[in-house]
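**Q** Before I ask anything, let me first share the structure, which is written out below as structure tokens.
Throughout, read-outs are computed from the coordinates displayed, never taken from laboratory work. Just so it is clear, the structure is predicted and the values come from calculations on it, not from any experiment. When we count neighbours, we look across all protein chains shown, and the Cβ atoms used for this are built from the backbone with ideal geometry, even at glycine.
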């Protein structure tokens, strides 16, 4: 009952007005440290990626999907120098297209990060084979950043199979720096990545909807909700130990963007304001986004080196106030609370690929990859997931939708 009441208090707080949240956003914006300001001002502002020594553009490019070759070249010519990809994006074609780009513009102009998955059936040899496949498709001798794709537990970071594979690959010169991407359970995963000392960077979801519960179980939007949510301490921990941070899911919409013109502030769109908000955090090296047309290119690259204005903060606050209720933040609480062990978080992520990102094939593939006994039909309709959700997501109804749309 307390948890339900707290969540309703949260929703009520959101409905209370944008001014308070705008104030909180402004307070966090003011935390920029001059010593961590962008170090280059040529075409696109750049920042150091932790201890790696790499200087990466404040805006980096996701590759699921990639823009067409001409636009991709134009984006790089504007100064973007970090591209994030994976062995399985577009069945490997994303890596192939990036490989052709590198031949065209020169290997030294773009830092490339790619990923490998770790499944129960994997062995050191299968992981190495996956990375060798990426090297062939990218047509490079060395990957700049090699990441575990979607690390969900601390255990996978020190899994003997992963350690053996990456040590052998490192000796081959297959990659320069080691990292991971994390969609959920960020506190456990990021802390382990920092503490074990093996990982040079982490890629985590970070956007204006990061308003989870406090340690006491209450949901407090203001003041200092970033600190109370645990996001800020994680970023401070990583930065203090020289671990670079790349922010993903910054727009929460992928390549297909909705019409949010009602939140526009002058010439600045809400999407541009979202990116500027993420980059106001000096501990974030770069914000990953997907760019599919020239309007999006101007929108996203225009956020680099730009400060967030007061009116833009208010527009973001209004957007959060009107859209946070029922919005899945991939925190994983629902999955941990489910007595049937249903993989609710990945099911909701699959639905997001279909509905918000417009990625139908990826949505079906994500759902199909979930163990059959952990899919939507296994739901007992007990409601434990919804009691655990800080955002009042109607999880059971969403599971039924997934079973109908994605099976």
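**Q** Note down the nm distance, to one decimal, between modelled labels 7 Å out along Cα→Cβ at residue 153 and at residue 117.
**A** 1.7 nm
**Q** Based on a Kirkwood Rh over C-alpha pairs, give the Stokes-Einstein translational diffusion coefficient of segment 31-308 at 4 °C and viscosity 1.567 mPa s in µm²/s. It would help to have the intermediate numbers written out before the result.
**A** Details: Rh = 19.1 Å.
For the chosen part, D equals 68 µm²/s.
**Q** Any chance you could run the full-extension gain for residue 371 through residue 160? It's 0.36 nm times the residue separation minus the Cα-Cα distance, nm to one decimal. If you can, show how the numbers build up before the last one.
**A** Working: separation 211, 0.36 × 211 = 75.96 nm, distance 2.35 nm.
Working it through step by step, the gained length comes to 73.6 nm.
**Q** Run the numbers for residue 340 and residue 51: contour at 0.36 nm per residue of separation, minus the present Cα-Cα distance, in nm.
**A** Working: separation 289, 0.36 × 289 = 104.04 nm, distance 4.23 nm.
Taking residue 340 through residue 51 to full extension adds about 99.8 nm, to one decimal.
**Q** Restricting the calculation to Cα positions, tell me the Rg (one decimal) and the Dmax (whole number) of segment 232-305 in Å.
**A** 13.4, 41
**Q** Follow-up question, since we're still on this one. Which value results when the Cα radius of gyration for segment 333-396 is divided by 2.2 N^0.38 Å?
**A** Working: Rg = 11.6 Å, N = 64, 2.2 N^0.38 = 10.7 Å.
Normalised by 2.2 N^0.38 Å, the Cα Rg of segment 333-396 equals 1.09.
**Q** Simple spin-label model, 7 Å along Cα-to-Cβ: residue 295 to residue 400 in nm?
**A** 3.7 nm
**Q** On full extension of the chain, what length is gained from residue 381 through residue 96, given 0.36 nm per residue of separation minus the C-alpha to C-alpha distance? Before the final figure, lay out the partial values.
**A** Working: separation 285, 0.36 × 285 = 102.60 nm, distance 4.45 nm.
Result: 98.2 nm gained on full extension.
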